[in-house]
1. Filter the trypsin sites (Lys or Arg not before Pro) in the range B:1-86 to those in DSSP coil with at most 15 other Cβ atoms within 10 Å of their Cβ, and list the result.
2. Once R0 is set to 30 Å, what does the formula 1/(1 + (r/R0)^6) return for the Cβ-Cβ distance between A:N30 and B:T17, expressed as a FRET efficiency to the nearest 0.05?
3. How many angstrom separate the Cα center of the range B:36-55 from the Cα center of the range A:81-102?
4. Would you mind checking which residues have amide H under 5 Å from B:A48's amide H? H placed 1.01 Å from N; only 5 or more apart, or other chain.
5. What list of ³J(HN,Hα) couplings, whole Hz, do you get for the range A:61-66 from phi and the Karplus terms 6.51, -1.76, 1.60, once you set θ to phi - 60° and write x for glycine and proline?
6. So how long is each side of the range A:1-65 along the principal axes, counting just the alpha-carbon atoms, biggest first, in Å?
7. Find the Cα radius of gyration of the range B:1-94, compare it with 2.2 N^0.38 Å by division, and give the number to two decimals.
8. Based only on Cα atoms, what mean projected area does the convex hull of the range A:11-114 have, in nm²?
Amino acid sequence: AQSVAQPEDQVNVAEGNPLTVKCTYSVSGNPYLFWYVQYPNRGLQFLLKYITGDNLVKGSYGFEAEFNKSQTSFHLKKPSALVSDSALYFCAVRRGQAGTALIFGKGTTLSVSS
Amino acid sequence: GAVVSQHPSWVICKSGTSVKIECRSLDFQATTMFWYRQFPKQSLMLMATSNEGSKATYEQGVEKDKFLINHASLTLSTLTVTSAHPEDSSFYICSAGGSSYNEQFFGPGTRLTVL
């Protein structure tokens with residue numbers, strides 16, 4: 001079964017420093033990976049996805065993620081964190097072909113201090 | 001981009017009553033819609049997958065008689081929580097997509113509180 005793991009419950013960084021939120025995956029077949037962000041009492045906002053192609057995926061709000069097949073990882077990164085980036089981040093993998101559900105990691109709370 | 005709305009955004013009801021939550025795709029047709037449930041500071045758990053015009057497929061452990069899902073059109077799916085109890089209090093999020101889409105589009109969520 002498809003699954004993703006987010007090993008960190010919380011990540012703390014200072015504003016202006018680079019940030020990384022980790023995600024590893026376990027899939028049979030090709031992985032279709034996603035990152036979403038959630039602010040308190042709000043729905044999910046799409047950040048980026050990896051379907052195929054370049055291993056470095058650029059997304060919204062300056063975020064990017066690197067797909068690493070050998071390490072089965074899809075870490076989310078940003079060169080310079082903002083206080084407004086503080087939120088709950090979810091990595092997800094698509095269960096199967098297009099149109100199937102997403103399976104989410106447990107989430108990582110990012111806290112950016114000023 | 002594709003927009004998905006949910007209504008209501010929050011609802012408080014008494015124990016034993018039923019509550020209906022609507023999920024609409026506003027600017028595209030969604031052959032498939034998904035319903036997720038999220039407890040505070042936890043992940044989203046898939047409850048069911050609904051395909052337009054057919055019965056929903058429920059995940060293991062989800063009571064289909066308690067969480068009634070209807071997907072009568074390509075732009076509307078509804079989740080009805082029947083005979084709600086306090087343990088049903090949660091954040092319910094829908095998403096919409098289909099085989100033509102590589103990603104899903106999420107609604108803003110509905111906060112249900114059962115007293």
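Every number here is computed from the coordinates shown, using simple stated rules; none is lab data. Being a predicted model, the structure only gives us computed values, none of them experimental. Note that each Cβ is placed from the backbone with ideal geometry, even for glycine, and that neighbours are counted across all protein chains shown.
1. Numbers: sites: B:K14, B:K20, B:R24, B:R37, B:K41, B:K55, B:K64, B:K66; in loops: B:K14, B:K41, B:K55, B:K64, B:K66.
Filter output for the range B:1-86: B:K14, B:K41, B:K55, B:K64, B:K66.
2. Details: r = 45 Å, r/R0 = 1.51.
With a Förster radius of 30 Å, E is 0.10.
3. The distance from the Cα centre of the range B:36-55 to that of the range A:81-102 comes to 15 Å.
4. For B:A48, the qualifying residues are B:W35, B:E59.
5. Result, rounded to whole Hz: 6, x, 7, 8, 9, 10.
6. 38, 24, 22
7. On the way: Rg = 12.9 Å, N = 94, 2.2 N^0.38 = 12.4 Å.
Cα Rg divided by the expected 2.2 N^0.38 Å: 1.04.
8. Numbers: hull surface 26.3 nm².
Computed as one quarter of the Cα hull surface, the answer is 6.6 nm².
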